[in-house]
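The values are calculated or read from the model by the stated rules, or taken from the named source; none is laboratory data. Just so we're clear, the structure is a prediction, and the values are computed from it rather than from any experiment. Reconstructed Cβ throughout: ideal geometry from the backbone, glycine too, with neighbour counts over all protein chains shown. Just so you know, the surface numbers come from the protein's heavy atoms only, side chains and all, with ligands and any DNA or RNA stripped out. Shrake-Rupley method; radii C 1.70, N 1.55, O 1.52, S 1.80 Å.
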Amino acid sequence: LHSFPTRRSSDLLPVCPSSYEWEEEDLSNAEAGRTEDGVMHKNRIGTISRCSLTFKNIPLQTAHRVITMFSPEYIRVVYVNPAVDPYFGYHMNEVFYVSNRKVSVCSGRLNVCADLSFNIISRDPDDR
């Protein structure tokens, strides 16, 4: 997993996430929903990828670098996507935006963040 918000090589992800979860979300058009007979009309117009990233027990300096790296409004990310044809190596290169970043139990005395987590969500849908 690499993020490229700037052109400096020092901005490559400084540490691997402790947890990486990928999910595919369907996008439906405005007419999607259930009719009075209870039948669901999905009307899928595409899908987007969402990746949940968690970094555990990382130094404050590293947490700062990760937060700074994911602070631009949009970032280009190369990530593992199990839905991609294996011929292409399961890797995708897409533009994402970042959800709220959350830090849990940060110890200033020990200079360690117990948990830093956030989601990255693809900006543009994949047509399927």
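Could you grab me the full set of residues in the range 47-61 that are more than 16 Å from residue 19 (Cβ to Cβ) and in contact with a strand residue (DSSP E or B) (Cβ under 9 Å, 6 or more places away or on another chain)?
47, 48, 49, 59, 60
Collect the residues in the range 14-38 that are aliphatic (A, V, I, L, M), open to solvent by less than 70 Å² (accessible area, probe 1.4 Å) and either touching an Asp or Glu at 6+ places or on another chain (Cβ under 8 Å) or part of a loop (DSSP other than H, G, I, E, B) (or both), keeping them in residue-number order.
15, 32 - these are the residues of the range 14-38 that are aliphatic (A, V, I, L, M), open to solvent by less than 70 Å² (accessible area, probe 1.4 Å) and either touching an Asp or Glu at 6+ places or on another chain (Cβ under 8 Å) or part of a loop (DSSP other than H, G, I, E, B) (or both).
Any residue in the range 81-95 that is open to solvent by less than 90 Å² (accessible area, probe 1.4 Å) and aromatic (Phe, Trp, Tyr)?
No: the range 81-95 contains no residue that is open to solvent by less than 90 Å² (accessible area, probe 1.4 Å) and aromatic (Phe, Trp, Tyr).
Condition check: over 25 Å from residue 28 (Cα atoms), open to solvent by 20 Å² or more (accessible area, probe 1.4 Å) and among the polar types (S, T, N, Q). Does residue 104 satisfy that?
So residue 104 passes the test.
What single numbered condition from (1) at pLDDT 90 or above; (2) assigned to a strand (DSSP E or B); (3) surrounded by fewer than 16 Cβ atoms within 10 Å (Cβ to Cβ) fails to hold for residue 72?
Answer for residue 72: the failing condition is (2).
Those residues that are outside any strand (DSSP E or B) and touching a helix residue (DSSP H, G or I) at 6+ places or on another chain (Cβ under 8 Å), I need them from the range 87-103; list them, please.
101
Can we say residue 84 is in contact with a strand residue (DSSP E or B) (Cβ under 9 Å, 6 or more places away or on another chain), free of Cβ contacts under 8 Å to residues at least 12 places away in the same chain and not in a helix (DSSP H, G or I)?
Yes: the conditions hold for residue 84.
Of the residues that make up the range 104-115, is at least one closer than 30 Å to residue 45 by Cβ and assigned to a loop (DSSP other than H, G, I, E, B)?
No, because not a single residue in the range 104-115 is closer than 30 Å to residue 45 by Cβ and assigned to a loop (DSSP other than H, G, I, E, B).
Of the residues in the range 116-128, how many are in a strand (DSSP E or B) and either among the β-branched types (Val, Ile, Thr) or surrounded by fewer than 15 Cβ atoms within 10 Å (Cβ to Cβ) (or both)?
2
Yes/no matrix, rows are residues, columns are (1) free of Cβ contacts under 8 Å to residues at least 60 places away in the same chain; (2) more than 19 Å from the chain's Cα centre (by Cα):
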residue	(1), (2)
51	no, no
62	yes, no
70	no, no
88	yes, yes
99	yes, no
113	yes, yes
116	no, no
